[in-house]
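The values are calculated or read from the model by the stated rules, or taken from the named source; none is laboratory data. Predicted, not measured: the structure shown is a model, and the values here were computed from it. Here the Cβ is made from the backbone with ideal geometry for all residues, glycine too, and neighbour counts use every protein chain on show. Side chains included, ligands, DNA and RNA excluded: accessible areas come from the protein's heavy atoms. Shrake-Rupley method; radii C 1.70, N 1.55, O 1.52, S 1.80 Å.
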Amino acid sequence: MLEIKDLCVSVLDKELLKDINLTINEGEVHVLMGPNGAGKSTLCKALLSYPSLKKEGEVIFLGKDIVHLDTSSIARLGMYYVMQSPIEIEGVKNAELIRSALDERNEGIDIFKFTKLSNSYCEALDIPKNFIHREVNVAMSGGEKKKNELLSMLFLKPKLIILDEIDSGLDVDAIKVVAACLNDYMQNNSCAILLVSHQKMLLSLLNVTHVHILGDHTIKKSGDASLINEVLATGFRNL
Amino acid sequence: MVNKEKVIEINCQQKKIMIDEDVFVEKWIFPNEVFDCNIYIASNCFLKTRSLLDLENVHGNITFYSDSFSNLDLKWAVVFSGKNDLGVVNVLKGEKIKSDIVIHATGNGLASIKTLGDILKEARDSVFKEEVRILSLNNQDIRCLPQLIVKTNDVVANHNVTVRNFTVDELFYMALKGISLDSSKKLLMDGFLNSILIFKEGNDEYK
């Protein structure tokens, strides 16, 4: 599904990431770990062509080289990114945003179907049904913002979900809800997840298949889910 | 919710308008020629408005004179086209007045907005807030000159003006949903205007 070959990322000639190689297949859950400032969020943003980041190398997504593709085209191909701190968009309601996004994909749906889907997604995420009519992330707690981003995700049906610290701001119950939502989505769709997280509870609730440790601007170590316990027990310095 | 106020429209061609009961101004009419409209809000009355104004070649001043215990709650979302020169003045001439003026402006024309809060000596225990936000697009020139004159110590008064364009993060966020640049800008501009007009949950406001 996603193949990253020798990816280097820089900003204003300053190298942020170098020689990143990573392959993610359908059905897999990859976890990206690393110390603060290692470049985890930069990698996520670079995959989606954040404007100021310069990329070299290859990023093949669903058979297409997307390294020089713009953000909205990559998103329409099926990549979905939940930011660490989703921004607030005043005056734009969730429903407007999602319907516009569906229209851009030529997947517009009538209001009755939209409402029905919205109600069921809100129920799955344990949020009030009126969330769909609220302004995008405005006056929401950190946890509500994350759930709100997942609400859009359920409508847009992405193939690759990139979640940057989705656990931050979520309480214990909310983590269970989010994990259940992601597991259910994985079960019913051909997709994969790339997750930035160090939250033991969330990681234990997901079926993690691969773990990558980012440090010194590159992937230093990869392994299976057992690497999570190693990291949590000994930290990054001893790896 | 039930509207208890009288719903009216104001034609700015009139030189003097008396507000002696609680009103919600549903519609503002701006004349083609230069105007100077003076609106007097009597004691214990309020004037409230939430309006989307499409202004083209408008030249004139609106002056609100607020009396004791009155309340001015004005929220305008303005789209300018052509060449405009608009003045919004609020004179607080009594005690315990509340005045809250918020203007969000954008468009593709030229505009000069002059705002003045004139808080007289009699306006003790009053609260005055004035906020002008301008979304400046590439092909426009909107300027704002804010002024605040306070002649008493016993008030809370503030005014601010911000001018900005779309931010990189806003456009990136919209693009993450697969929305094209043109559609993103349109949505964000609508949002900028709507944000002061739409009903806020838990807030007793008009849609």
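Pull up the range B:27-40, narrow it to residues that are under 22 Å from residue B:77 (Cβ atoms) and among the aliphatic types (A, V, I, L, M), then point me to the one that is surrounded by the fewest Cβ atoms within 10 Å (Cβ to Cβ).
So in the range B:27-40, the residues under 22 Å from residue B:77 (Cβ atoms) come out as B:27-32, B:35, B:37, B:39.
Subset that is among the aliphatic types (A, V, I, L, M): B:29, B:39.
On the way: B:29: 10, B:39: 20.
My answer is B:29.
Could you please tell me which pairs satisfy a Cβ distance under 6 Å, a separation of 6+ or placement on different chains, a first residue in the range A:75-90 that is open to solvent by less than 20 Å² (accessible area, probe 1.4 Å), and a second residue that is of a type in the set (D, E, K, R) and in a loop (DSSP other than H, G, I, E, B)?
A:78/A:159
Quick grid of which residues meet (1) among the charged types (D, E, K, R); (2) within 26 Å of residue B:193 (Cβ to Cβ); (3) buried (at least 17 other Cβ atoms within 10 Å of the Cβ):
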| residue | (1), (2), (3) |
| --- | --- |
| B:21 | yes, no, no |
| B:25 | no, yes, yes |
| B:48 | yes, yes, yes |
| B:60 | no, yes, yes |
| B:65 | no, no, yes |
| B:69 | no, no, yes |
| B:80 | no, yes, yes |
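Scan the range B:158-167 and give yes if some residue there is open to solvent by 10 Å² or more (accessible area, probe 1.4 Å) and within 10 Å of chain A (Cβ to nearest Cβ), otherwise no.
Going through the range B:158-167, the residues open to solvent by 10 Å² or more (accessible area, probe 1.4 Å) turn out to be B:158-167.
If we keep only those that are within 10 Å of chain A (Cβ to nearest Cβ) too, we end up with B:167.
So far as the range B:158-167 goes, yes, one or more of its residues are open to solvent by 10 Å² or more (accessible area, probe 1.4 Å) and within 10 Å of chain A (Cβ to nearest Cβ).
For residue A:57, are the conditions met, namely being outside any helix (DSSP H, G or I), without any contact (Cβ under 8 Å) to a residue 40 or more places away in the chain and small (Gly, Ala, Ser)?
Numbers: outside any helix (DSSP H, G or I): yes; without any contact (Cβ under 8 Å) to a residue 40 or more places away in the chain: no; small (Gly, Ala, Ser): yes.
In short, no.
Quick one: which residue in B:117, B:191 is surrounded by 15 or more Cβ atoms within 10 Å (Cβ to Cβ), facing chain A (nearest Cβ under 10 Å) and among the small types (Gly, Ala, Ser)? Lay out the reasoning, then the answer.
Working: B:117 fails: facing chain A (nearest Cβ under 10 Å).
Checking each option against the conditions leaves just B:191.
Of all residues being of a type in the set (D, E, K, R) and facing chain B (nearest Cβ under 9 Å) in the range A:91-103, which is least open to solvent (accessible area, probe 1.4 Å)? Just the residue, please. It would help to see each step written out before you state the result.
At the first step, the residues of the range A:91-103 found to be of a type in the set (D, E, K, R) are A:93, A:96, A:99, A:103.
Checking which are facing chain B (nearest Cβ under 9 Å) leaves us with A:93, A:96, A:103.
Working: A:93: 54, A:96: 70, A:103: 94 Å².
Looking at the filtered set, the residue picked out is A:93.
Which of the residues belonging to the range B:28-50 are over 20 Å from residue B:112 (Cβ atoms) and outside any loop (DSSP other than H, G, I, E, B)?
Here is the first cut: in the range B:28-50, the residues over 20 Å from residue B:112 (Cβ atoms) are B:29, B:38-50.
If the condition is that a residue be over 20 Å from residue B:112 (Cβ atoms) and outside any loop (DSSP other than H, G, I, E, B), then B:29, B:38, B:39, B:40, B:41, B:46, B:47, B:48, B:49, B:50 are the ones that fit.
For residue A:45, state whether it is surrounded by 15 or more Cβ atoms within 10 Å (Cβ to Cβ) and either more than 18 Å from residue A:153 (Cβ to Cβ) or modelled with pLDDT of 95 or more (or both). Don't jump to the end; show me each part of the working.
Values: surrounded by 15 or more Cβ atoms within 10 Å (Cβ to Cβ): yes; either more than 18 Å from residue A:153 (Cβ to Cβ) or modelled with pLDDT of 95 or more (or both): yes.
Yes: the conditions hold for residue A:45.
Of the conditions (1) open to solvent by less than 20 Å² (accessible area, probe 1.4 Å); (2) out of contact with any Ser or Thr (no Cβ under 9 Å at 6 or more places or on another chain); (3) within 23 Å of residue A:185 (Cβ to Cβ); (4) away from chain B (no Cβ under 14 Å), residue A:32 satisfies every one except a single condition; which number is it?
Here residue A:32 meets the rest and fails (2).
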